[in-house]
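To keep things clear, I will list the structure first and then write my remarks on it.
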Amino acid sequence: MKISLNWLNDFLPVSQEEAAVEALVHDLAMLGFEVESRESVRRDLSGVIAARITGIEPHPDADKLRLVTVDRGEEGPQTVVCGAPNVALGKRVPYACLGAKLPGLDKPLKKAKIRGVVSEGMLCSDVELGLSEDHSGLLELDDSWKAGECLDERLGLCDTMLDIDITQNRGDAFSIVGIARELAALRGVELKEQPRELPEPSGEEAVKVSIEQGCAQTGAPRYAGLVLSHITVGDSPRWLRDRLEAVGLRAINNVVDITNYVMWETGHPVHAFDRREIRGNEIRVRFAKAGEAFTTLDGQQHELDGEHVLICDGERPVALGGIMGGENSMVAEDTSEVLLECACFDPVNIRMGSRRAGIQSDSARRFERGVDMDNVPEVLQRMARLMIDCCGAQVAGPIVDEYAAPRQRPEIALRPARVTALLGLDVPKERIVTHLRSLGIEVREGEGDTLLARSPSWRFDLEREVDLIEEVVRMEGYDQVPDQLLAGIPLDQPANASLALRNRVRDALVRLGFRQQCSYSMVSPDLLERFHPERPALRIRNPLAAEMSVMRHSLLPSLVECAVYNLNRSQEHVALFEIDREFHPDGQSETGCREGMMLCAVLAGRQRGADWQDTERRFGFHDLKARAEELLRELALKDLEWSEGGEGPWSANTLSASRKGRLLLQVGQIEPRVLAAQGCEEELFALQLDLEALEEIGAGLPQYRAFSRQPLLLRDLSLLVEDRHSAGAVREVLEQGLRKLLSDLRLFDIYRGEGVPEGRHSQSWSLSFCAPDRNLRDKDVDPLIKKTLARLKKELGVELRG
Amino acid sequence: MQEQLDQLRTAFAEALEAATDTGALAAVHHRWLGAKGELRTLFGQMKQLPAEQRPAFGQAVNALRGDLEQAFFAKQESLRASVSADAIDLSRPGPRLHTGGLHPLAQVQDRIIEVFTSMGFTVNEGPEVETEYYNFDALNTPFWHPARRDSDSLYIEDGHMLRTETSPVQIRTMQKRRPPLRMIAPGRVYRNDKPDATHSPMFMQVEGLAVGHGLTFAELKGTLLEFYRRLFGRDTKLRFRPHFFPFTEPSAEVDVSCVFCRGAGCRVCKQSGWLEMGGSGMVDPEVLKEVAIDPEEYTGYAFGLGIERMAMLLYGVDDIRLFYENDLRFLRQF
Ligand SMILES: [Zn+2]
């Protein structure tokens, strides 16, 4: 909400000095009202005086220009060139002296030669004075202005606007007076009253008011009206328009402006009906009928339901209660009598009602947070007073006030000891009482040490002891609360084992050279569909965009998307992982969803780029396999059942590991056609580890195995292997046959071509042997190798290459 | 005499030939061309010669010196050249390393967890797809509250929702564990916010909750102050401002002194000297009652802090979207 410091100054002394404004912003912040922005407005009219037109001559060289002589009071007469149409003898108009800095001009005013005639100074319209955009003619000053009188004193402006964030619970502060009340309480000053005394009514003009049974409790508990006559609808006075415009309201006419002014000032939305349109001389407040149509004053037609409150005259609805007036009864240019409305509406009814009708109005915004129900007569008086002053109105009759369901404000018990116990801040009882009273809370002594407090009529958020404690600390100052570090919570609290395991996996991935990514859980349904068309997805009812409309049931698409994003940006080495949740619809779960923790990692692009030492190499399946094996070693996972081949997005080049039938790990190449649909031409390899399965299986700690400190005996074997046999099969036989002395083996070459028969290839294995207790010699390993070669020949037809 | 000169010339040539490093070369210089070298000695012998022979001898020795010096410098040059041919070019770039790394948000989350666990907080988690009960009702949020609107929260088609805060974990924790307890719950939360430099429809929060005998607003303040001091430095200051949250009373907005200007005022803190970090307060009695904890016996405090906010301040990141774009040029910087 925007407030003007000039306006606030009506209620308590406020300075526009920089330091004072700083202090005010700080005070508001410490009261719980954050100032979101701040703006100064300055309209300096110090070089402009009122002048009376005493002579008008034609310009010798221009039809549309005239030479106007004005009386400037003590300064004497002066003749200027003027082109305005509304020049007339005797009129009082603004005259700007040479050197004046006009709000509507870029530079100080200089002597000018206009069509050959020198003009010293100028007569001004609204535009030059920065008063409005009206450039139809000179600003006409009324007869109260004396020639020579400086305009600055009456039309100048120096103001600061604050845009204040009002929290949902503080409807009472949604007004100038509300903010003033808070500041006055903090600063210990009295609030000034605004004029609202009215003359005796000139007659008995009144409209009968009734609130329908049932509507008072949950719709409109109070409705009051007052009839004013002799209204002249026109422009509001400058000061009023300035204030409305300053807080972002558009000036319309004096009657409407005053209703807006009163709303902004008091926080109580009010309305003015054209009395001519109130048929049957009565107001009936009732709930709308379901489906009833009504056109609000903005010209929009709305279909209402049985919970909207309608303000009706003897024949028809004239306003949508608390939300907006009706088009049929709005004030017109020729309106001379008005019915002023000041009513109260149920906050929740207005909040839900305006939401259902799709109307946001300043009125609804206030009623939905709670509006003082006890200030109705005062608000009507204030509004009438302003209309008497600005519209020539007369009070035509008494205030008719129907307060059908008065608000109850029960007393709240407050134990001073509880204040200290909750805050950790010692506030003596007398100070508690002072603080509460400064906020308008009535306080009296209760039984024992207890205080009994009653909230003021404008507060809707004080119902419990704890609410009062917050008021105490707010007045005492949040910065008075000490900072303490207490023990008192035992340390034997449960550790989070899944987080620890997740971090272990995560740190292993980082060591293996993967970068962690963090991507949105909401993804495009098309993306998921490409990878896992068989899986159902959780759909968001009100998504921000189609590409964020489902919850991902697989991390893989996000990883691929991110890899492609980076490859497309010339990032050649892509090694990414993410550990997060996958969302699966689950009717059995109370949230309708099963959330599973998953690790997904991808490799794509160059494992190594070319440089002056090495040639480039692209990632292949085995690069990922090596990393997967290392991960399994770190997690000490054994006894896994391995299988080859994949489905869905996983190509045939995929290895899967399960334990007891539960899929734990997949390592493989992603189907090129799935990638192509994703705009990816590269080969991409992915690893997926089900962390929930891992938690169930239980990762272990690596167990130490003694190693021999004897020197190694090295042997290389080149084997001719039929193409139908894999390296894995050969390796298995080698390991089995040599296990007594084998320490390690490595496949260092695969060769096809010259010297190798068709249908076969050569595998070169490097073997290292050792014994725990002695230095090995050839004679120790030769028989073993011979036996194993024989076994290789028998089982796989493998021969030693010559 | 000429013979003596020839001998010297030969000996010098052999020594020069044999010298293969700068040390040996220096020794050669010292022996023949140095201040007390053999050439000097030859010059010294000149005095013993008859006067008429002296000029011819002098000329011969000078010529010899010229030859020796020329040979010496040539050798020195060639030695230098051969040395640098074998040396490695230190200015060549090493091969590019491809290291792994944690996402910056994970690194900040790790620090948060480390600080709070050292203060006796446990780490809890809860579902991201939540019921309205846990996300709103149990947290004392009335049915009409604006946060429940479609324009603020994201709902699943079946009526459940994406949690808008990590606060539902408070309820789930208190349902399982009785006080005294102290926990934090980091995790993803979701809002119906269009992404821009400071908003993201998904972001990370860390929830905190402590319930026990005699916990106070002052302890909340002390705990958060200690946390921020460990995160941003010991001279960090903390400010509480009144605010409103349905699930705490009293509630406080948490500001810390600007980490850039240390409170003097700068562009980042909009000249205020303070940075807004999150919300906190004493657990509302209604929330405690909802999980059958007697608010007369126990009190508690809670807070919810934005992790991105901390990461942006710690690493100088000025656009929240960078965290979720996963551009390697961004990720590699952490
Ligand atoms: Zn700063």
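So for region B:218-270, Kirkwood radius off the Cα pairs, Stokes-Einstein at 37 °C and 0.692 mPa s: how many µm² s⁻¹?
273 µm²/s
Could you tell me what fraction of 2.2 N^0.38 Å the Cα radius of gyration of region B:104-331 comes to, as a two-decimal ratio?
Cα-based Rg divided by the globular estimate yields 1.00.
Using the Karplus equation 6.51 cos²θ - 1.76 cosθ + 1.60 (θ = phi - 60°), what ³J(HN,Hα) coupling, rounded to whole Hz, does each residue of region A:57-63 give in order, writing x for Gly and Pro?
Coupling constants for region A:57-63: 10, x, 7, x, 10, 9, 5 Hz.
How many nm is it between the label spots at B:ALA35 and B:ALA15, if each spot is 7 Å from the Cα in line with the beta carbon?
That separation, rounded to one decimal, is 1.8 nm.
Mind checking which lysines have their Cα closer than 16 Å to the Cα of A:LYS91? Skip sequence neighbours fewer than 8 apart in that chain.
Partners within reach: A:LYS146.
Among the aspartates and glutamates, select those whose C-alpha is under 12 Å from the C-alpha of B:LYS270, and discard any that sit fewer than 8 residues away in the same chain.
Leaving aside aspartates and glutamates fewer than 8 places away in the same chain, those within reach of B:LYS270 are A:GLU36.
Using a 1.4 angstrom probe on the protein heavy atoms only, line up A:GLU204, B:GLU253 by accessible area, largest first.
Ranked from most to least accessible, the order is A:GLU204, B:GLU253.
In whole Å and largest first, what semi-axes does the C-alpha gyration tensor of region B:2-82 yield when each eigenvalue is scaled by 5 and square-rooted?
Taking √(5λ) for each eigenvalue gives 27, 11, 10 Å, largest first.
Taking the Cβ-Cβ separation of B:LYS75 and A:TRP612 as r and a Förster radius of 41 Å, what is the calculated FRET efficiency to the nearest 0.05?
Plugging the Cβ-Cβ distance into 1/(1 + (r/R0)^6) gives 0.80.
To one decimal place, what Kirkwood hydrodynamic radius in Å is obtained for the protein assembly as shown from all pairs of distinct Cα atoms?
38.2 Å
Please give the contour-minus-distance gain from A:ASP106 to A:ASP61: 0.36 nm per residue of separation, less the Cα-Cα distance, rounded to one decimal in nm.
Result for the pair: 13.5 nm of gain on full extension.
Find the relative contact order for chain A and round it to a whole percent, using C-alpha pairs within less than 8 Å whose residues are 6+ positions apart.
8 percent
Go through A:651-661, A:282-292 and give me the packing order, highest mean Cβ count within 10 Å leading.
Going by the mean number of other Cβ atoms within 10 Å, highest first, we get A:282-292, A:651-661.
So for region A:592-687, Kirkwood radius off the Cα pairs, Stokes-Einstein at 10 °C and 1.306 mPa s: how many µm² s⁻¹?
107 µm²/s
Take the Cβ-Cβ distance between B:ASN62 and B:ARG92 as r, set R0 to 60 Å, and report the resulting FRET efficiency rounded to the nearest 0.05.
My answer for the efficiency is 0.80.
Rounded to two decimal places and with Rh computed the Kirkwood way over Cα pairs, what is Rg over Rh for region A:371-451?
1.23
Loop-only chymotrypsin sites (Phe, Trp or Tyr not before Pro) in region A:675-717, please: DSSP not H, G, I, E or B, and at most 14 other Cβ atoms within 10 Å.
A:TYR704, A:PHE707
Given contacts defined as C-alpha pairs under 8 Å and at least six residues apart, what's the relative contact order of chain B, whole-number percent?
After rounding, I find 15 percent.
Which value in nm describes the separation of the simple spin-label points at A:ASP449 and A:GLU282, placed 7 Å from the Cα toward the beta carbon?
Those two pseudo-labels are separated by 5.9 nm.
What chymotrypsin sites (Phe, Trp or Tyr not before Pro) does region A:578-668 have in DSSP loop regions with at most 13 other beta carbons within 10 Å?
Here the sparse-neighbourhood loop sites are A:TRP612.
Which angle between 0 and 90 degrees, to the nearest 10, do you get for helix A:18-31 versus the longest principal axis of chain A when only C-alpha atoms count?
Taking Cα atoms only, the helix is inclined about 60 degrees.
Roughly speaking, what is the centre-to-centre gap between region B:203-230 and region A:268-311 when only Cα atoms are used, to the nearest Å?
Using only Cα atoms, the two centres lie 51 Å from each other.
Count neighbours as other Cβ atoms within 10 Å of each site's Cβ, and list the chymotrypsin sites (Phe, Trp or Tyr not before Pro) in region A:441-522 that are DSSP loop with at most 14 such neighbours.
Those that pass, being in a loop and sparsely packed, number zero.
Ratio to report: Rg/Rh of region B:77-222, with Cα atoms as the point set and Rh obtained by the Kirkwood method; give two decimals.
Rounded to two decimals, Rg/Rh equals 1.34.
What is the Å³ per residue value for the convex hull set by the Cα atoms of region A:725-775?
87 Å³
What share of the DSSP beta bridges in chain B is antiparallel, in percent to the nearest 5?
Close to 95 percent.
If each residue of separation counts as 0.36 nm, what is the full-extension length gain between A:GLU647 and A:LEU499 once their alpha-carbon separation is subtracted?
50.2 nm
If I stretch the segment between A:LYS146 and A:ASP778 completely, what's the gain in nm (0.36 nm per residue apart, minus their alpha carbon distance), one decimal?
Extra length from A:LYS146 to A:ASP778 when fully extended: 215.0 nm.
The values are calculated or read from the model by the stated rules, or taken from the named source; none is laboratory data. Note that the structure is predicted; figures quoted are calculated from it, not measured. Every residue, glycine among them, receives a Cβ derived from its backbone with ideal geometry; neighbour counts consider all protein chains shown. When the accessible area is computed, the model is the full protein with side chains, heavy atoms only, and any ligands, DNA or RNA have been set aside. Shrake-Rupley method; radii C 1.70, N 1.55, O 1.52, S 1.80 Å.
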